[in-house]
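Below is one structure, written out as structure tokens; comments come after it.
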Amino acid sequence: MAHHHDEPFRVGGGDFSDLNRKLDRRDFLLRTASGLGAVALSGLLTGRALANPAEAMAHQISARLGQIAPKAKRVVYLFMAGGPSQFETFDYKPKLLSMLGKNLPDSVRKGQRLTGMSANQAALPIAPSAYQFKPYGKNQTWVSELLPYTAQVVDELCLIKSVYTEQINHDPAITFFQTGHQLPGRPSIGSWVSYGLGSENQNLPAFIVLVSKDASKDQPLYARLWGNGFLPSEHQGVQFRSGKDPVLFLNNPEGYDGTDRQQMLEYLTQLNQLQNESWGDPEVNARIAQYEMAYRMQTSVPDVMDTTREPDEVFDLYGPSSRDKGSYAANCLLARKLLEKDVRFVQLYHQGWDHHGGLPKGMKHQCGQIDRATAALIVDLKRRGLLEDTLVVWGGEFGRTVYSQGQLSATNYGRDHHPRCFTMWMAGAGVKAGITYGQTDDFSYNIVKDPVHVHDFQATLMHLLGVDHEQLTYKYQGRRFRLTDVHGKVVNGILS
Amino acid sequence: MFDFIAHLHPLLVHLPIGILLFAGALMVFGRWRSVDVEAAESLAWGLGAGSALLACGAGWLLAQSGEYDADLVQRHQWTGLATAGFGALTYFIKRYRPALATATVLFLTVAGHYGGNLTHGEDYLFPGAKTVADTSTDLEPTVSAQVGELAIRTNDSGATATQPTVRRTFFYRDRVVPVLETKCYSCHSSRKKKGGLRLDTEAFIRQGGKNGSILTPGNPQKSKLFTYLLLPEGDEMHMPPKGKLQLSRNEIALIHHWIKTGASFKEQIEVIAPAATSSGLVAASTDGLPTNPVYELPVLPANTTPPAGGPVVNAPASAEARLLANPIAAPAPAVLEKLRAEQVTINRLTDAGPYLSANFVNVKSFEPRLLDALAGVGQQVMRLRLSDQPVRDADLQTLRQFPNLTRLNLENTPITDAALGHVSALPNLEQLNLYGTAVTDAGLAQLAQLPNLKVLYLWQTKTTPAGVERLRKARPDLIIETGTLQLAKPDTNKAL
């Protein structure tokens, strides 16, 4: 009541306080863009924000944690789409070996509803991992033989064995992980980060997406997973591809002169500006920003995509497939180059982890694709001094069941979706290295210690970037939204 | 129970105010329009008098708490009782009703005014009325003054540098009292003494409140006068209470400084030899060292609640945390604007602090003049990233103007050992990235003297294991990253 003056002044559907705030931050981030950008923006930024850059700084989005400098500056999120099994990777369950084929006790499942894929099975036979585990590193952390390279950097990782989600099917579960809500339409984590923190590099998008071309596409990915939702559209993830045009429609058409393009864009900016003056729609500014970014990317993208100057030693580190553009390994190498250029949020997707049947063979193939390059990324970031302020995240959208879906033999079985516990890891900035957090029961069916909900993971990621997940909000359709909805607790136990 | 009724007083008093005024209005209305409102009027006078009596009862209980100025309470009490009394007479004696009614309303007004003074302070309605006497002492406008001035007052007599200077400081009167006056007196002085505490004289401050002492000279952590200011605003014990005007960070630091330095209530007079003034202050002004020191407040961990009763304040964990806790002057806007126009990315390191990070990632071609320009905010720059830029050794001479630098990125620059001579003069440097440079063991030796250095990146330099080992011996606390973490080829003989 006493604070009604704090309510944003609204015209039509546009929220003017947000608009101003955005302009201030845009001012802060983009004013240095010379030529086209500077001309376009100095006309846009009127009044207070333009008059005093120091004041403009003070109007940055103030969801920051305040007096402590954030530990993480950048994030690289290695998303394993499909739901990798925790049993064949990190969650070692030796007691299961003696229970091969026995029915999962009701006392463990406690009547949990199963998916339609295994609910009608006559039995739920326990399937121990077909692969061996060995302890690695200073802390003797158990890792599967399928991840021999990751095992060598396990002392840099923070394994979280007690992640759980609320969704049991792929699309809602991935959407939940990436946006904080199971229904489509909310902004992706990277978009929130871009909106909240912007980018230090004005020539590349703050949020870049790389999808492995060498993965089996058993479950689809949609561009909305890296969409901006209701945030201004310059915060959407930009997908870099492996073909001739890394970013589609970025280059000038054959025979079209660059000067012409620049003039055209200048006039277009003026038109957009007129439109903005009469309507005040924030999306007009987003459009201007995107044109400017695209213009700068015409030179910056070919530069950063060029891996020919990387020494052989680097390709050897990431493995032979790193020479094959668009592969997971090549994407890891590219991610390192983007992070080196201070891109804020790089998201990789690697599909093909949905092993309802033929899991031992499938897991061997999948792990073989990602293991070496993932470990190489850690090594490469560390020696370059980037790991100290880059957060690396690895994980899928849910785990898999202890019981076999379909026929069980010693060397062949399948596993159904399991949302109640699975393993992720984080490494780098602000995270304790070489620890295991959380614990599951002997069947890796239920969590017995330190559960970490998807929203808790998201809250922690934001915290490491210096953002209070409860403060970073965006008003849309009459209410304020945030990444973690009304949930999420920072997992203090993993913070260094 | 009594407390509950007592606390109802501020609510109850509004009943007689409303009802009695309405009764008066009815009376005037009836006589003016010649309408018969006799029954309604009597009801109103009766109810008004009754509710006034109730309010008096509750008010008497409230006065027993003793937290209010006794004299003012007396006046409020008797006028209040008179209101109730005359209200009752108005009800019973219809013959003299107009005269009695007038008296009732007059007493009501006066009692209400006194009540208002009790709650909001005597200067609430007529500000300035009381301060004539106070301002006659020649107090400078301290509230808005730069608190740091005091410490450098020595140069008042800078013209006669050969003579000893007398420094007179009356910290308590000039600095502490104005804070207490604006932020604390409304509840802790002669008019009210919440919690049995008054802060308006030395004796009262030393005496403390109902819960004991509030001041331990020399130890702010044991002084509630300081620690209660740090509690989260939602905490019951946080001072000033939620909703009241809060102390600024600098004011809190000021209280901390005062207690830490002994909490003197007296004026201090020091005689300073001429040598001290010249060496201390002349150097300060030419070097550009802080001429505007601000009080030191230990860094508080973000989002942590100090334990109730006695919050423990952590010692500064690092040079960076220590500096962040000591805000200096804000960066000059003109310098920032100029640098941004040159594509230097500058961000605030924390939400509102003056410290900056400067990143040259967008700069197309580095020129020494950019670093010279950045030196205009050299005090404020804490992190500097010059990676991949053609920086030469001589350019880094400018680094001496960045005394608060904690992180420096020089990787992949053409610098040599000569540059490390300039680097080793950085007193607060904690992290230094030299990977991909031509530095040798000879350069390393110079780094051993950096008092705060914690992390050093040396991958792909011309240093030798022996040189690194020597540095390790000299500085066992130092983390040296030489890129030794390698991935070994795993044993692949094992069959599935």
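The values are calculated or read from the model by the stated rules, or taken from the named source; none is laboratory data. Worth saying up front: this structure is predicted, and the values here are computed from it rather than measured. Virtual Cβ from ideal backbone geometry, glycine too; neighbours counted across all protein chains shown.
Select, from A:Leu225, A:Leu221, the only residue that is within 20 Å of the chain's Cα centre (by Cα), within 30 Å of A:Cys367 (Cβ to Cβ), in contact (Cβ under 8 Å) with a residue 12 or more places away in the chain and part of a helix (DSSP H, G or I).
On the way: A:Leu221 fails: part of a helix (DSSP H, G or I).
Going through A:Leu225, A:Leu221 in turn, just one is within 20 Å of the chain's Cα centre (by Cα), within 30 Å of A:Cys367 (Cβ to Cβ), in contact (Cβ under 8 Å) with a residue 12 or more places away in the chain and part of a helix (DSSP H, G or I): A:Leu225.
In segment B:50-71, the condition of being of a type in the set (Ser, Thr, Tyr) and modelled with pLDDT of 90 or more is met by at least one residue.
Right, A:Asp389: within 14 Å of another protein chain (Cβ to nearest Cβ), touching a residue at least 60 places away in the same chain (Cβ under 8 Å) and in contact with a helix residue (DSSP H, G or I) (Cβ under 7 Å, 6 or more places away or on another chain) or not? Let's see the steps before the verdict.
On the way: within 14 Å of another protein chain (Cβ to nearest Cβ): yes; touching a residue at least 60 places away in the same chain (Cβ under 8 Å): yes; in contact with a helix residue (DSSP H, G or I) (Cβ under 7 Å, 6 or more places away or on another chain): no.
The answer is no for A:Asp389.
Every residue, every condition in (1) under 24 Å from A:Phe90 (Cα atoms); (2) out of contact with any helix residue (DSSP H, G or I) (no Cβ under 9 Å at 6 or more places or on another chain); (3) not aromatic (Phe, Trp, Tyr), yes or no:
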site	(1), (2), (3)
A:Lys432	yes, no, yes
A:Phe443	yes, no, no
A:Ala459	yes, yes, yes
A:Gly466	no, no, yes
A:Tyr476	no, yes, no
A:Thr484	no, no, yes
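Among the residues of segment B:34-63, those that are closer than 19 Å to B:Thr102 by Cα and of a type in the set (D, E, K, R) comprise B:Glu38, B:Glu41. Quick check, is B:Phe92 crowded, with 18+ Cβ neighbours inside 10 Å and free of Cβ contacts under 8 Å to residues at least 40 places away in the same chain? So B:Phe92 fails the test.
If the requirement is being touching a residue at least 40 places away in the same chain (Cβ under 8 Å), closer than 22 Å to A:Leu157 by Cα and at the interface with chain B (Cβ under 9 Å from one of its Cβ atoms), which of these qualifies: A:Lys341, A:Lys382? Let's see the steps before the verdict.
Values: A:Lys341 fails: closer than 22 Å to A:Leu157 by Cα.
Residue meeting the stated conditions: A:Lys382.
Take the conditions within 17 Å of A:Arg372 (Cβ to Cβ), away from chain B (no Cβ under 13 Å) and not hydrophobic (A, V, I, L, M, F, W, C) and apply them to A:Asp324. Does it pass?
Values: within 17 Å of A:Arg372 (Cβ to Cβ): yes; away from chain B (no Cβ under 13 Å): yes; not hydrophobic (A, V, I, L, M, F, W, C): yes.
Yes.
Is it the case that segment B:361-376 has a residue that's in contact (Cβ under 8 Å) with a residue 40 or more places away in the chain, aromatic (Phe, Trp, Tyr) and either within 13 Å of chain A (Cβ to nearest Cβ) or farther than 18 Å from B:Ala321 by Cβ (or both)? No, because not a single residue in segment B:361-376 is in contact (Cβ under 8 Å) with a residue 40 or more places away in the chain, aromatic (Phe, Trp, Tyr) and either within 13 Å of chain A (Cβ to nearest Cβ) or farther than 18 Å from B:Ala321 by Cβ (or both). On inspection, A:Gln121 fails the criterion of being farther than 30 Å from A:Gly385 by Cβ and within 14 Å of another protein chain (Cβ to nearest Cβ).
Name the one entry in A:Ser216, A:Ser199 that is within 14 Å of another protein chain (Cβ to nearest Cβ) and part of a loop (DSSP other than H, G, I, E, B).
Values: A:Ser216 fails: within 14 Å of another protein chain (Cβ to nearest Cβ).
It is A:Ser199.
Which count do you get for residues in segment B:332-353 that are of a type in the set (Lys, Arg), over 26 Å from the mean Cα position of the chain (by Cα) and facing chain A (nearest Cβ under 7 Å)?
To start, the set of residues in segment B:332-353 that are of a type in the set (Lys, Arg) comprises B:338, B:340, B:348.
Next, from what is left, pick out any that are over 26 Å from the mean Cα position of the chain (by Cα): B:338, B:340.
Within this subset, residues satisfying the condition of being facing chain A (nearest Cβ under 7 Å) are B:340.
So the answer is 1.
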